[in-house]
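As structure tokens, the structure follows; a few thoughts come after it.
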Amino acid sequence: MTAMTHVRPLPRMEGTFRFSTTETIKHAVLILGAVIVLIPFYVMVSYSMKSPSEIMTNTGGLFGAQELFRDDFCVKLGNAAEDCMVRPLIYNYTTAFEKAPLLLYLLNGVIVTLSIFAIQIVVALPCAYALAKLRWWGREAVFALVLFCLLIPVHAIALPLYIMLSKVGLTNTYAALIIPWTISVFGIFLMRQFFMTVPDDLIDAARMDGMSEYSIIWNVMLPTAIPALLAFGIFSVVAHWNDYFWPRIVITGNRDLFTPPLGLREFKGDADGDNFGPMMATATIIVTPLIVAFLLAQRRFIEGITLTGMK
Amino acid sequence: MVRSHAHIWFVAPAIFLMIVILLVPIGIAAVLSFTDYSLGNPGAEWVGLQNYERIFTRSTYEKMFIATFTYVGVVVPLTVGLGLGAALLIHSLNRFSDIYKTIYFLPVMAALLAMAIVWEFALHPTIGIVNSTLAQGCGTFLENWNWYARSCERTFPLWLTDKDYAIWTVAFIGVWQGFGFNMVLYLAGLTSIPRELYHAAEMDGARSAWDRFKLVTWPMLGPTTVFVVTISCIRSFQVFDTVEAFYPQGGGPSKSVYVMMFAIYEKAIQQNLMGIGAAITIIFLGFVMMLTLLQRWLVERRVHYA
């Protein structure tokens with residue numbers, strides 16, 4: 001039996017030829033799927049490197065010919081035509097940063113996602129600890145509240161949240177981008193489940209040593225929870241870096257507070273024919289950080305994103 | 001066992017935030033849904049059930065429900081089906097399974113808004129890569145397909161602006177984006193099925209792959225499927241990014257893509273009709289909460305029987 005356990009679940013012993021046929025068909029199907037999945041990524045990266053004319057005529061292959069072309073906007077500014085010749089790749093990416101304050105948008109994205117994650121941890125961790133490891137009156141009721149709140153998607157109550165924030169004058173601030181996400185009921189639930197598995201002896205020993213409950217959370221529980229926290233962090237950062245709905249609602253005019261998706265949306269709003277290249281460059285820049293991080297640490301990312309499945 | 005009251009400080013912030021950020025808004029939405037409130041007005045009139053009556057009688061909202069349920073009805077079965085199919089194929093591969101897993105998961109990671117803008121571009125009627133690729137198939141055997149031959153004669157569809165195609169195209173992008181997520185959940189489910197069950201099934205006479213699937217794989221994936229279906233429903237109910245990116249005004253050709261989240265956004269944020277927006281919010285919450293409760297009930301029932 002032990003020899004069997006490492007065998008794949010569907011081993012068919014009907015000769016190598018037949019085996020490789022089914023295998024080939026499977027690969028063919030999966031490759032077709034992969035091509036369809038990759039089409040928009042191909043379009044995005046490829047067009048971010050092409051000149052307007054190559055985009056309009058759909059030529060130039062993946063990288064474009066990278067021939068110099070005339071930047072009409074530069075000519076309009078009164079420069080000589082010879083000085084306005086640009087390489088498509090360089091033109092697209094520099095325009096992406098020059099036409100809109102893309103760096104600022106990226107910075108906003110970083111500030112917002114990291115603040116959200118930090119506050120979620122500060123709020124959720126002590127609560128999860130108290131729910132898992134302390135005995136007190138009302139604990140079951142609070143846990144029931146957590147379970148009930150798991151039912152509520154924050155996007156669905158965006159409208160009343162928006163009204164509340166505008167009543168206290170907080171729309172168009174960083175606070176508006178962060179506040180609704182400060183409480184992660186899911187984070188509490190997840191951490192509580194995790195802490196339940198931590199042996200009581202560990203905590204008792206810490207108490208014997210005279211540690212306060214407060215320092216037990218941050219010095220004993222937090223280190224044991226690093227893997228779970230990492231997974232939760234990936235889950236949280238991906239969700240909020242990519243979020244478009246909530247920023248769209250609370251950031252109405254102030255461009256200084258735009259997150260990356262809002263910046264891209266604004267770009268699209270006033271894109272004319274010549275600006276498809278820079279727009280695709282912007283899209284590439286916004287999508288790349290998470291994709292690269294994902295490719296580097298795939299298993300952790302998949303774990304984090306599918307955390308909700310572990311309930 | 002008398003302890004400090006440390007727990008109060010530990011749970012108080014969380015309880016406070018849960019109440020203020022999650023529960024109070026539901027109350028506010030519930031109350032506002034019976035008024036004609038709008039931001040900036042000093043007061044609001046109590047209008048009773050008028051908002052709900054409108055939602056269930058006006059054709060605009062009929063279109064909203066049709067668009068939402070069409071979207072959910074297309075995206076959920078396809079993301080679940082393709083997710084399961086991809087997971088089964090990948091799981092049975094001897095080599096290269098990780099590459100497919102990585103590729104299929106990419107859309108889950110990418111900002112949907114950015115990818116929607118790219119898709120819009122790829123689906124552009126004249127310079128888009130999709131129609132120009134399809135046009136290359138003209139004159140080949142594909143013309144045996146009536147639809148293809150007709151498209152070659154005239155033009156290939158305006159995927160996003162033709163009201164016969166718009167909702168399906170948006171749903172396609174939803175499937176494109178979502179099935180990798182389900183695939184990963186199913187892969188986790190598949191690896192947790194004990195091998196012995198397959199041997200046992202084989203001894204019981206389950207010779208074909210289909211028999212084994214029916215007898216072992218599918219029942220064992222039950223809990224995964226319940227979860228995958230629920231989360232796919234909730235996610236597709238909340239579709240917004242693609243719709244707003246393609247149709248910033250009005251919800252698509254003849255409002256055929258006027259999904260609920262977009263309706264809330266349009267009514268409440270763009271038009272400042274908070275009352276009607278709140279009513280849609282309440283109906284929306286009703287759907288989503290019912291789904292999750294149904295899921296929990298299904299899971300718990302299984303647990304009791306097992």
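So which helices (runs of 4 or more DSSP H) stay within region A:194-303 end to end and still have 2 or more residues that are closer than 29 Å to A:Y174 by Cβ and at the interface with chain B (Cβ under 9 Å from one of its Cβ atoms)?
By residue number, A:226-242, A:245-250, A:260-269, A:276-296.
Cβ-Cβ under 8 Å, sequence separation 6+ or interchain: first residue in region A:78-102 and hydroxyl-bearing (S, T, Y), partner modelled with pLDDT under 85 and in a helix (DSSP H, G or I). Which pairs?
Once the first residue is hydroxyl-bearing (S, T, Y) and sits in region A:78-102, its partners that are modelled with pLDDT under 85 and in a helix (DSSP H, G or I) give A:T95/A:N275.
Here is a list of conditions, (1) under 21 Å from B:V118 (Cβ atoms); (2) assigned to a helix (DSSP H, G or I); (3) β-branched (V, I, T), and A:V29 meets all of them except one; can you say which number that is?
(1)
Output the residues belonging to region B:1-36 that are in contact (Cβ under 8 Å) with a residue 24 or more places away in the chain and facing another protein chain (nearest Cβ under 8 Å).
B:I26, B:I28, B:A29, B:L32
What number goes with the only condition from (1) in a loop (DSSP other than H, G, I, E, B); (2) closer than 20 Å to B:P107 by Cα that A:P40 does not pass?
Every condition holds for A:P40 apart from (1).
Just checking, which of B:S254, B:S236 is more than 8 Å from every other protein chain (Cβ to nearest Cβ), at positive phi and not in a loop (DSSP other than H, G, I, E, B)?
None of the other options fit; the residue is B:S254.
Considering only region B:127-165, state which residues are assigned to a loop (DSSP other than H, G, I, E, B) and of a type in the set (G, A, S).
Just the residues of region B:127-165 that are assigned to a loop (DSSP other than H, G, I, E, B), to begin with: B:127-128, B:137-140, B:145, B:154-165.
Passing the criteria: B:G128, B:G137, B:G139.
Any residue that is under 24 Å from the mean Cα position of the chain (by Cα), part of a helix (DSSP H, G or I), under 19 Å from B:I127 (Cβ atoms) and touching a residue at least 40 places away in the same chain (Cβ under 8 Å) - is there at least one of those in region A:47-63?
yes
Do we have any residue at all in region B:100-119 that's free of Cβ contacts under 8 Å to residues at least 40 places away in the same chain and more than 7 Å from every other protein chain (Cβ to nearest Cβ)?
Looking through region B:100-119, none of the residues is free of Cβ contacts under 8 Å to residues at least 40 places away in the same chain and more than 7 Å from every other protein chain (Cβ to nearest Cβ).
Are any residues in region A:151-184 hydroxyl-bearing (S, T, Y), within 10 Å of chain B (Cβ to nearest Cβ) and part of a helix (DSSP H, G or I), and if so, which ones?
Across region A:151-184, the qualifying residues are A:Y162, A:S166.
Considering only residues that are in contact (Cβ under 8 Å) with a residue 40 or more places away in the chain and of a type in the set (V, I, T), which ones fall in region B:239-295?
B:V239, B:T242, B:V243, B:V257, B:V259, B:I276, B:I280, B:T281, B:I282, B:I283, B:V288, B:T292
Determine whether region A:98-107 contains at least one residue that is over 15 Å from A:Q66 (Cα atoms), of a type in the set (A, V, I, L, M), under 17 Å from the mean Cα position of the chain (by Cα) and assigned to a helix (DSSP H, G or I).
So far as region A:98-107 goes, yes, one or more of its residues are over 15 Å from A:Q66 (Cα atoms), of a type in the set (A, V, I, L, M), under 17 Å from the mean Cα position of the chain (by Cα) and assigned to a helix (DSSP H, G or I).
Quick check: anything in region A:3-20 out of contact with any helix residue (DSSP H, G or I) (no Cβ under 9 Å at 6 or more places or on another chain), more than 30 Å from A:V86 (Cβ to Cβ) and either at pLDDT 85 or above or surrounded by 14 or more Cβ atoms within 10 Å (Cβ to Cβ) (or both)?
Yes, the conditions are met somewhere in region A:3-20.
For B:L49, which of the numbered conditions (1) buried (at least 18 other Cβ atoms within 10 Å of the Cβ); (2) away from chain A (no Cβ under 11 Å) fails to hold?
(1)
What do you reckon, is A:I234 outside the structural domain of A:I183 (by TED's automatic domain parsing), surrounded by 14 or more Cβ atoms within 10 Å (Cβ to Cβ), among the aliphatic types (A, V, I, L, M) and within 14 Å of the chain's Cα centre (by Cα)?
It is false that A:I234 is outside the structural domain of A:I183 (by TED's automatic domain parsing), surrounded by 14 or more Cβ atoms within 10 Å (Cβ to Cβ), among the aliphatic types (A, V, I, L, M) and within 14 Å of the chain's Cα centre (by Cα).
Against the definition (loosely packed, with under 13 Cβ neighbours inside 10 Å, in contact with a helix residue (DSSP H, G or I) (Cβ under 8 Å, 6 or more places away or on another chain), farther than 30 Å from B:I193 by Cα and modelled with pLDDT of 75 or more), how does A:L62 come out, yes or no?
So A:L62 fits the description; yes.
Which numbered condition in (1) under 23 Å from A:F143 (Cβ atoms); (2) free of Cβ contacts under 8 Å to residues at least 40 places away in the same chain is the only one that A:D200 fails?
The single condition A:D200 does not satisfy is (2).
The rows are residues; the columns are (1) part of a helix (DSSP H, G or I); (2) at positive phi; (3) surrounded by 21 or more Cβ atoms within 10 Å (Cβ to Cβ).
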{"site": "B:H199", "(1), (2), (3)": "yes, no, no"}
{"site": "B:R207", "(1), (2), (3)": "no, no, no"}
{"site": "B:R212", "(1), (2), (3)": "yes, no, no"}
{"site": "B:Y258", "(1), (2), (3)": "no, no, yes"}
{"site": "B:M261", "(1), (2), (3)": "yes, no, yes"}
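If B:V76 passes every condition in (1) surrounded by fewer than 23 Cβ atoms within 10 Å (Cβ to Cβ); (2) under 15 Å from the mean Cα position of the chain (by Cα) but one, which one does it miss?
With (1) surrounded by fewer than 23 Cβ atoms within 10 Å (Cβ to Cβ); (2) under 15 Å from the mean Cα position of the chain (by Cα) applied to B:V76, the lone miss is (1).
Mind checking which pairs have a first residue in region A:121-135 that is not assigned by TED's automatic domain parsing to the domain that holds A:S215 and part of a helix (DSSP H, G or I) and a second that is surrounded by 19 or more Cβ atoms within 10 Å (Cβ to Cβ) and not basic (K, R), Cβ under 8 Å, 6 or more apart or different chains?
Going by the 8 Å Cβ cut-off, there are no qualifying pairs.
Could you say which residue among B:T161, B:T140 is touching a residue at least 60 places away in the same chain (Cβ under 8 Å), hydroxyl-bearing (S, T, Y) and more than 22 Å from A:Y47 (Cα to Cα)? Can you show your working first?
Values: B:T140 fails: touching a residue at least 60 places away in the same chain (Cβ under 8 Å).
Step by step, each of B:T161, B:T140 is checked, and only B:T161 is touching a residue at least 60 places away in the same chain (Cβ under 8 Å), hydroxyl-bearing (S, T, Y) and more than 22 Å from A:Y47 (Cα to Cα).
The values are calculated or read from the model by the stated rules, or taken from the named source; none is laboratory data. Since this is a predicted model, take the numbers as computed values, not measurements. FYI the Cβ positions are ideal-geometry reconstructions off the backbone, even for glycines, and counts take in every protein chain you see.
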